[in-house]
Amino acid sequence: MKSVALKVEERTHTGTAACRRMRKQGVVPMNLYGLGRQVRLLCANAREIQKLLDQGVHIVDLTLSGKTQAALVKDIQYDAIGSEILHADLQRVDREKPVHVYVPIRFIGTAPSISGSLVEKLMEDIQLECLPLEIPDAFTVNLSKLEIGQSITVGDLEMPENCKPYGCHEDDIVVINHMKVHRDIEDETEEGAEEGPSEPELIGRKTPEGED
């Protein structure tokens, strides 16, 4: 994917109180690090950052004082309810060197409604190694053609040419399993109580004539 420009500014004030004031003004505090250089304290408009995140952007071109620096969106911290961005960490990148990223998995379609089936989604994202400008926006997994006992693995994904997934290609992303039904032990106990105790059999006793 292509990089997107983001205008940033230097921030001189640090600490919890200063960051809280910035957020009230619609500004998000950020840290920029990587490539062996000193950490820089930056800030940017909260709406612009959220817009980039909604588009699934991974690489941004930070513009500051007429200069541009490519950076990877490394970490975003939200408030307790996940509605407000509190802080962002960005990592400087070299466009010609691979980076390690997590790319989200988007599930589409609905698995066939089969009695006794259970859809188990085992992954929400996948870790890749690839060049900064070749990071996929997301991987799409279609559930509509899966039957009980079938799965989709990492190896089934359409991987860009220069991207390498971490882990095993046989790792399951989603599986359609049989739903196991366990009978309640208490119900069995109650059923036994309703039937009442069975009459013990007398071993060796002969049944009198006329008795069944």
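A few points about this structure:
- Of all residues assigned to the range 162-176, at least one qualifies as being touching a strand residue (DSSP E or B) at 6+ places or on another chain (Cβ under 9 Å), modelled with pLDDT under 85 and closer than 30 Å to GLN69 by Cβ.
- Just one residue in the set GLU186, GLU211, GLU194 is at pLDDT below 55, more than 30 Å from TYR102 (Cβ to Cβ) and in a helix (DSSP H, G or I); that residue is GLU186.
- Near pairs, Cβ below 7 angstrom, 6+ apart or cross-chain, from the range 74-89 (under 24 Å from PRO132 (Cα atoms)) to any residue that is in a loop (DSSP other than H, G, I, E, B): none
- Residues in the range 71-98 that are closer than 30 Å to LEU143 by Cα and among the hydrophobic types (A, V, I, L, M, F, W, C): VAL73, ILE76, ILE81.
- Qualifying residue in the range 103-117 (condition: part of a strand (DSSP E or B), more than 19 Å from the chain's Cα centre (by Cα) and modelled with pLDDT under 95): yes
- Any chance GLY56 is among the small types (Gly, Ala, Ser), over 12 Å from ILE76 (Cβ atoms) and touching a Pro at 6+ places or on another chain (Cβ under 9 Å): yes
- Odd one out for LYS7 among (1) farther than 14 Å from VAL60 by Cβ; (2) surrounded by fewer than 16 Cβ atoms within 10 Å (Cβ to Cβ): (1)
- The single condition from (1) within 27 Å of GLN127 (Cα to Cα); (2) exposed (fewer than 12 other Cβ atoms within 10 Å of the Cβ); (3) not hydrophobic (A, V, I, L, M, F, W, C) that ASP61 fails is (2).
- Just one residue in the set LEU146, LEU128, LEU133 is among the hydrophobic types (A, V, I, L, M, F, W, C), surrounded by 17 or more Cβ atoms within 10 Å (Cβ to Cβ) and not in a strand (DSSP E or B); that residue is LEU146.
The values are calculated or read from the model by the stated rules, or taken from the named source; none is laboratory data. None of the values given here were measured: they were computed from a predicted structure. For neighbour counting, all protein chains shown are included, and Cβ atoms are generated from backbone atoms with ideal geometry for every residue, glycine included.
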